[in-house]
Each structure stands twice: as C-alpha cells, then as structure tokens.
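These notes concern the structure reproduced below.
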Amino acid sequence: MCDHCMKHGAGGKWYLNAKSYSEEVAARYDLRAFLAEQYRNFEQISVRKVAGFSPVGHDHLFRMPIIGRIVRRTAERMLHSTRPPRNPFRPEGHIGQVVPLEDAVAILQTCAAEPIIEKNCMCRYMTRGEKEACCINFGVMSEIIDKLPRFIPEKEKYHLSRAEAVRRFTEHNQKGYIGTIWYGPYPYINNLCSCKSPECAGIRPRMDFGIMSIHKAEYVADMHQGLCRGCLQCVERCPFRAIEVDRGTGRPAVDQEKCYGCGVCRHACDTRALFLVPRSERPALAGRY
C-alpha cells in the first residue's frame, strides 16, 4: 500500500474512495468549467510547452544522463501534483494506476458517479486517428464529453447503466486491454480506461522513458506451475513482457519485477494457472509501484 493510498484510500486503495468521485469535489474546484476548457482543446495538451520546454521532437533528451533526469523529474512533479487544479492547458495532477478487472468492477458498482458513458479512446484518436469506444467516464466528465462530438461513439447507446459499464469493461479486458484509473485532475476521479498498448499516453512515458506517469497495480501475477500445460498464450498476451519462457523447462514464468498486475494474462489461460496476489504479500515488491 502506497503513502497516497494511506492518506486518500478506502480499503487500502485510493481509487475506492467514493468521495473522490463526488459532486462535492467537482463543485469545490469548479471542475465543470476547468474540464470543459481542457477537453475542448485536448489534442493540444501533449504538444504545449511546459516550463519553456516543448516535447515535440525531443525524445532524445530523455535518454541523456543529466538532462533526461531533470526532464523526467519535472514531468513527474507536474503529473503527481496534489495542488488544486489551476491551468486547464497543463496535464497537472493527472495521477493514474493500473487496475485489474476485479477492482474496476468495484469502482463501477460502488464508486463511479452517474451519469456513466463510454467514449472513444482519446489516446488512440490522437496518435492514429482511430475511434474505438473503450474508455468509461463518470460524473462531470460524462457531461463534458457529451458535448464534444469527436469523442462520442458512432452508435445509438453510449450512456451506460452500472451493469452495462461492467459488461463493456469486462469485454475489453478479455481482449487484453489494460485497465487504468485516473485522477483528472487531482482530487477528482473521472476516467476508467481500457488501454491498448502502445497507444496509451499514460503508460508509454513510463515504458519508453522511465517517467512515473502511472503506478503499477496493487497486485502481481503468479502461476500454479502444476496447472500450466505450456501453451504459451500468456507469453503472447502480456503487454509488459513480464511472462517469459524458461529456457530450462520450456514453460512460462512470471517476472514479478516487470509485472504491472493488470491481470489480462489470465484471460489467455484456459487452465486458470495464472492468478493475482497482493503486491504487499511479496516482500521484495511491497511498496514498489
């Protein structure tokens, strides 16, 4: 359990604190006006200068020993800011974490504020021009997205009941999409994504440049070797390359250091050899996200 969960969480997890989804929080920070301005110009956020630095065409800077460290720390301070939201043109306070299917269901059933909608993935729309309805919004964010046609799915029904939202998230998780939950901005939670790597703008900065743009889940994967039949489907399914073939046995093995705890590998296993365990139960990984 991280320090943030200790301070803001319920049941040991920050994203199960129903207050963070509430109208009370949205009204306190006037988030309707803030989010409306931010998402009207959403595509520009990723290319705007931050502290005089433009991210466009400067990927190489992240790989330079000293400058890269400075840039990463600056980005992390901005993303993990817990100051009240101020500037809608900065992705400030946009803290997220990977969540497995079980926790996503708990969010949708008990925490998410209505209305609940399914919208086109913004990351995929920006990077590839593709429109796939696989992200779920709630509360004020649903109201905002409802007024932005480019994010509205081209189908009759995108307003969802809680049961429909659970069903849709489950479908995407079974396809191998990574569940992620986000502040946007802190302290308001309004977005449950189903991320298809490599498009996810929340996951890629960490995987490509080591920026702590998202936390790993509260879990890691493990395996009942006796149930594994060696089909290797889980190796292909893992989006983080945390399941590798053991050269000695020819069977898959989980590298828990690499594991993000998303749990999508389980859907590829028809013998149920794969399962999740709390990160806190692995002393070498406890508190490391």
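Each value in this text was obtained by applying a stated rule to the coordinates, not by laboratory testing. Everything numeric in this text was worked out from a predicted model, so none of it was measured. Cβ: placed from backbone, ideal geometry, glycine included. Neighbour counts: every protein chain shown.
Which is the longest part of the chain that has none of the GluC sites (Glu not before Pro) sitting in a DSSP loop with at most 15 other Cβ atoms within 10 Å?
Answer from the scan: 1-129.
Expressed as an acute angle from 0 to 90° and rounded to the nearest 10, what is the orientation of the C-alpha long axis of helix 65-79 relative to the principal long axis of the chain?
Computed tilt is about 60 degrees.
For q values of 0.08, 0.11 Å⁻¹, compute log₁₀ I(q)/I(0) with the Debye formula on a Cα-only model of the chain, without solvent.
-0.34, -0.66
Can you tell me the 0 to 90 degree angle between the C-alpha axis of helix 162-175 and the longest principal axis of the chain, rounded to 10?
50
Assuming R0 = 22 Å, can you tell me the calculated FRET efficiency for the pair Glu244 and Met78, based on Cβ-Cβ distance, to the nearest 0.05?
Numbers: r = 34 Å, r/R0 = 1.56.
Once the sixth-power term is evaluated, E becomes 0.05.
Suppose the chain between Asp208 and Ala27 were pulled fully straight at 0.36 nm per residue; how much longer would it get relative to their current alpha carbon spacing? Working shown, then result.
Details: separation 181, 0.36 × 181 = 65.16 nm, distance 3.64 nm.
Extra length available between Asp208 and Ala27 comes to 61.5 nm.
Between Glu37 and Thr127, what is the FRET efficiency for a Förster distance of 25 Å, r being their Cβ-Cβ separation, to the nearest 0.05? Mind showing how you got there, number by number?
Numbers: r = 23 Å, r/R0 = 0.91.
Calculated value: 0.65.
Report the full-extension gain for the segment Glu236 to Glu154: residue separation times 0.36 nm, less the Cα-Cα distance, to one decimal in nm.
Numbers: separation 82, 0.36 × 82 = 29.52 nm, distance 3.11 nm.
Here the segment from Glu236 to Glu154 would lengthen by 26.4 nm.
Quick check: convex hull of the Cα atoms in segment 185-266, volume per residue, rounded to a whole Å³?
On the way: hull volume 9.6 nm³, N = 82.
Per residue, the Cα convex hull of segment 185-266 comes to 117 Å³.
Rounded to the nearest 500, what is the 222 nm mean residue ellipticity of the chain from helices alone, with -39500 (n - 2.57) per DSSP H run of 4+ residues and division by all residues? The partial results should precede the final answer.
On the way: 11 runs with 85 residues, N = 289.
Value at 222 nm, helices only: -8000 deg cm²/dmol.
Could you calculate the contour length gain from Asp146 to Arg282, that is, 0.36 nm times the residue separation minus the distance between their Cα atoms, to one decimal place in nm?
Details: separation 136, 0.36 × 136 = 48.96 nm, distance 4.29 nm.
Contour length minus Cα-Cα distance gives 44.7 nm.
Explain nothing, just compute: Karplus ³J(HN,Hα) = 6.51 cos²θ - 1.76 cosθ + 1.60, θ = phi - 60°, for every residue of segment 144-151 in order, whole Hz, x for Gly and Pro.
Using θ = phi - 60°, the values come out as 5, 4, 4, 9, 10, x, 5, 9 Hz.
Each label point is 7 Å from the Cα along the Cα-to-Cβ direction; what then is the distance between the points at Asp255 and Glu164, in nm?
Here the modelled spin labels are 4.3 nm apart.
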